[in-house]
Amino acid sequence: MTSSLIRGRPRHATGHIAVRVGHAVLGGVTGAVWLVLPVMTSVTQDPVPATGGRTVSAAQAADGASATDYVLPLVAVAAAGALGGYGYVRRTRRARSRTTPGILSPALPSPSPADAERQARASLVLADDCVRTSREALGYVDGATSAERALRAAETELTAAFAIWRRYEEGVPEGDAGRRQALVGVAGRCAEAGRQLDVAAAGFDAEWDAGDALATAEGRFRQLAGRTGGVAAALAGAGERYGAAAVACVVGHVEQAKDRLVFATSRLNQARQAADSGDGDGFRRGVRAAEGAVAQAGVLLGGVERLAEELRTAAGLVPAALTGAEAELAALRGTALPPRLAHADAVLAGVRGEATGGPYDALDALRRVVRAVEGTGGGRSGVIAAGAELVARSAVGAADDFVGTHRAAVGAEARALLAAAGRAVPADADRLARRARELAERDVRAHGNPFAGEASHAHGSGVAGVVLGGVLLGEEGDGGPVVAFGGPESRGRLG
């Protein structure tokens, strides 16, 4: 059933028109009766007394009063017509200028399905960027409880928007009206997420101003700068122990982190100079830009450290996972699954050979063992379940790190898959996260680097990385405004 809010005219509109027509008719009838009344009362010709001893007939009296008798009825008819016309014009103007969502207006045609999809994608990307930036900014402020509540509310809205979009991509709902409404729901949820952050932006600024932002940013900068050497060594060691393929997803992370830190150095210096000269706006821009760069440097270095630890854990699980998988397959012998069992046996034999032959990707080996068992309907034993959880957590973390540090180039599809991976069971989460990473990498390759070469050197090293990472909006040659805590209306307020 179509809601009355979606139709061109509300259901009660006909009732209003009928009432106005009734009023007009009633006024007309009243006027007609008033016109006839003098004639009906002039049937006798009896004399009517007059002053001064004269007498006049009733007809003469009626003639003398005719002007007064006709004026009032004409006024009544005119008033009734004017009221009816005013009501009609007022209603027409209101209908033409109405902007209430869900009521179609001839002056505001609905967007085409393709345009509606593009708007939904853009809304998802913008809302996700706002949430990610606000989360990074909150890491530098203590006690901003209202901003934290706003961020949680925005995350809830964004999660719902991604869920609607994911179902939409899967063809649910099927009807045109339902799919159009789903896109409206995506845009509406994203708008609400941004509104929550916009409302909390002023409170966040007050909390930020109350703290010692420069000292906090400089302290975290020094801590990360001291970690880079150890992280680089950990990456090299993991590559030697588990093979180049095992660490391919984080190759370049240390260099990118150093690039972010170089940028942070220049902006912290600018912030100090602005503070000395009393330039409050310049101070805020410098420190906020440095905060964003330092936060992303931490993500990049942390991703390397996390992967090295996950590889060690996976290497310890592989032997037990092989034993547990073989036990599960043995219990399935004699069932109606010979092709699947044969494939699983081949996978396990290959993993066992790799584990005893030299450097190998322990995470990928564990992933193959888990999938082989799951393909036979098994995978419920403790070690297999633990392996599936580790593999999924690693894939989701790696994809999230990549999207967060390349957000200016990553589209809605990769982000939606990543969001779906966060809600899925381990087996699906691993698959969705890996696909999200592939799509994100494709987006970055297609985006390119508009701040490479001479542009980067002209405005200081590190600009390209922070623009790609969404620390700067990238609207100008020097990288553009600094992105701050907030939604679409407030995120660029620092200029």
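Annotations
- Burial order of peptide ranges 436-443, 218-225 (average beta-carbon count within 10 Å, highest first): 436-443, 218-225
- Rounded to whole Å, sorted largest first: equivalent-ellipsoid semi-axes of segment 260-391, Cα gyration tensor: 53, 14, 10
- Spacing of the two label points (7 Å from each Cα toward its C-beta) at Asp209 and Ala427, in nm: 5.6
- Label-point separation, Gln119 to Ala236 (7 Å along Cα→Cβ), nm: 5.5
- Förster radius 30 Å - calculated FRET efficiency between Arg272 and Glu155 (Cβ-Cβ, nearest 0.05): 0.30
Every read-out reported here was derived from the displayed coordinates using simple, explicitly stated rules and does not represent laboratory data. All of these numbers come straight from a predicted model, not from anything done at the bench. FYI the Cβ positions are ideal-geometry reconstructions off the backbone, even for glycines, and counts take in every protein chain you see.
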